[in-house]
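Undergrad: Quick one: the structure is below, and I'll ask about it shortly.
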Amino acid sequence: MNAETPPGDAPVPVLTVVIPAYNEEDALGPEVDHIASVLSEAGITHEIIVVDDGSTDGTAEAARTKSCTLIRLPRNHGYGAALKKGIAAARSELVAITDADGTYPAEALPEMVRLAGEYDMVVGARTGGNVHIPMVRRPAKWFLRKLASWLSGFKIPDLNSGLRVIRRSLVRRYAHILPQGFSFTTTISLALLCNGFSVKYLPIDYRRRIGDSKIRAGHAWDFLLLILRVMVLFNPLKVFLPMGALAFLVGLAKFVYDVTKQDLSESAVMCLLTAILLWAIGLLADQNARLGLDREAWPR
Ligand code: UDP
Ligand code: MG
């Protein structure tokens, strides 16, 4: 890692904006200028940290011409890794994250900063009147959002929005479970929701991207595994109880059928045993979650 434009003795700003950028030479410069002018106009003192995540184009050069701190990673580490580097280097406690691609409206930041006084995390939810999410991505996004909402017990309007304002100390607290890749935003959302932190969703627009997206179809599978893993970590009963109930109902149906035929089958017994095992594993995982994973949960 190699940080340029060191901050020196400048006073600590109210907000640090972290922008991960991987091959964003066209969009990055205008994005930095835009964010700076919106925040200056709103009277919010700020610093902007661009994390060049091993770009092979002119991203670093674009950042050097702007008033921002540039952190260069020697190779491509991933969205989450770039965010963590940037947030770790932030001088302020309040941190905003956004993309370098011109999609998220920086105009929402002043309101998000205001709301951050009342909530632990403020998320720009892409549910505004002017949202350009590619059609091919929508079914997978919908399914993952519904699954996460059901498992966490919260209505989540946008699971992995990349425009957020959050406290640096909260990211640090969950750093050990935050992934290196695109699942970073989904993980921090579920971690905060499952542990009783307050999350505010502010409707925003979402513009068409400048340059190519780095998300691939295979990332949908990563998101699915991630949702299950985070839930097993923080609220395992939500996963194991329904799975056990399904096995129990199948076993019970087969058992009743077998009784009418006066011929008890192995499959009915197997299903009922599976249900008991799943419930037992769920209870053990629940104990584990309660005992070890959130030692700092005492209110500030
Ligand atoms: N990005 C990154 N490293 C990566 C992939 C992406 O720093 O390995 C950056 C990218 O330049 C962008 C942000 O992370 O600023 C989000 O990526 P992208 O916009 O491609 O994802 P999408 O918004 O399409 O989900
Ligand atoms: Mg993007």
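Undergrad: Please go through segment 112-121 and pick out each residue that is touching a residue at least 12 places away in the same chain (Cβ under 8 Å) and over 17 Å from residue 192 (Cβ atoms). Quick ask: steps written out before the conclusion?
TA: First pass over segment 112-121, keeping only residues touching a residue at least 12 places away in the same chain (Cβ under 8 Å): 112-113, 115-116, 118-121.
Passing the criteria: only 113.
Undergrad: What pairs can you find where one residue is in segment 49-63 and within 9 Å of residue 82 (Cβ to Cβ) and acidic (Asp, Glu), the other is in a helix (DSSP H, G or I) and away from ligand 2 (no atom under 16 Å from the Cβ), and their Cβ atoms are less than 6 Å apart, with a gap of 6+ or different chains?
TA: 52/60
Undergrad: Test each condition in (1) farther than 22 Å from residue 170 by Cβ; (2) aliphatic (A, V, I, L, M); (3) in contact with an Asp or Glu (Cβ under 6 Å, 6 or more places away or on another chain); (4) buried (at least 22 other Cβ atoms within 10 Å of the Cβ) for residue 73 and report the one that comes out false.
TA: Of (1) farther than 22 Å from residue 170 by Cβ; (2) aliphatic (A, V, I, L, M); (3) in contact with an Asp or Glu (Cβ under 6 Å, 6 or more places away or on another chain); (4) buried (at least 22 other Cβ atoms within 10 Å of the Cβ), only one is false for residue 73: (4).
Undergrad: Now, a different point. Of all the residues that make up segment 165-184, how many are crowded, with 22+ Cβ neighbours inside 10 Å and near ligand 1 (Cβ under 10 Å from one of its atoms)?
TA: Number of matching residues: 1.
Undergrad: Report the residue count in segment 199-215 for those that are under 22 Å from residue 121 (Cβ atoms), basic (Lys, Arg) and within 14 Å of ligand 2 (Cβ to nearest atom).
TA: Total satisfying the criteria: 0.
Undergrad: In addition: Any idea which of 162, 153 is touching a helix residue (DSSP H, G or I) at 6+ places or on another chain (Cβ under 9 Å), within 13 Å of ligand 1 (Cβ to nearest atom) and of a type in the set (Gly, Ala, Ser)? Let's see the steps before the verdict.
TA: Working: 153 fails: within 13 Å of ligand 1 (Cβ to nearest atom).
After applying the criteria, what remains is 162.
Undergrad: Something else about it: Sort through 239, 256, 230 and tell me the only one that's over 30 Å from residue 164 (Cβ atoms) and more than 16 Å from ligand 2 (Cβ to nearest atom). Walk me through how you get there before you give the answer.
TA: Values: 239 fails: over 30 Å from residue 164 (Cβ atoms); 230 fails: over 30 Å from residue 164 (Cβ atoms).
Criteria check complete, one pass: 256.
Undergrad: Let me ask another. Test each condition in (1) more than 16 Å from ligand 1 (Cβ to nearest atom); (2) outside any strand (DSSP E or B) for residue 216 and report the one that comes out false.
TA: (1)
Yes or no, residue by residue, for (1) out of contact with any strand residue (DSSP E or B) (no Cβ under 7 Å at 6 or more places or on another chain); (2) within 16 Å of residue 164 (Cα to Cα):
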| position | (1), (2) |
| --- | --- |
| 35 | no, yes |
| 48 | no, yes |
| 69 | no, no |
| 74 | yes, no |
| 97 | no, yes |
| 102 | yes, yes |
| 107 | yes, yes |
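Undergrad: If you don't mind, another one. Restricted to segment 126-164, and to residues that are surrounded by fewer than 16 Cβ atoms within 10 Å (Cβ to Cβ) and touching a Lys or Arg at 6+ places or on another chain (Cβ under 7 Å), which residue is nearest to residue 82 (Cα to Cα)?
TA: Ranking the qualifying residues of segment 126-164, first place goes to 133.
Undergrad: Residues in segment 229-273 that are part of a helix (DSSP H, G or I) and touching a residue at least 40 places away in the same chain (Cβ under 8 Å): how many? Step through it out loud before you land on a result.
TA: Step one: list which residues in segment 229-273 are part of a helix (DSSP H, G or I), which gives 229-234, 237-261, 266-273.
Checking the rest, the ones that are also touching a residue at least 40 places away in the same chain (Cβ under 8 Å) come to 230-234, 237-241.
So the count comes out to 10.
Undergrad: Can you give me the number of residues within segment 164-213 that are within 30 Å of residue 57 (Cβ to Cβ), touching an Asp or Glu at 6+ places or on another chain (Cβ under 8 Å) and of a type in the set (Ser, Thr, Tyr)?
TA: 2
Undergrad: I would also like to ask the following. From the list 124, 78, 128, exactly one residue is on the phi > 0 side of the Ramachandran plot and in contact (Cβ under 8 Å) with a residue 60 or more places away in the chain. Which is it?
TA: Matching residue, one of 124, 78, 128: 78.
Read the figures in this text as sums done on the coordinates, not as results from a lab. Model, not experiment: these values are computed from the prediction. Glycine gets a Cβ as well: all are built from the backbone with ideal geometry, and neighbour counts include every protein chain shown.
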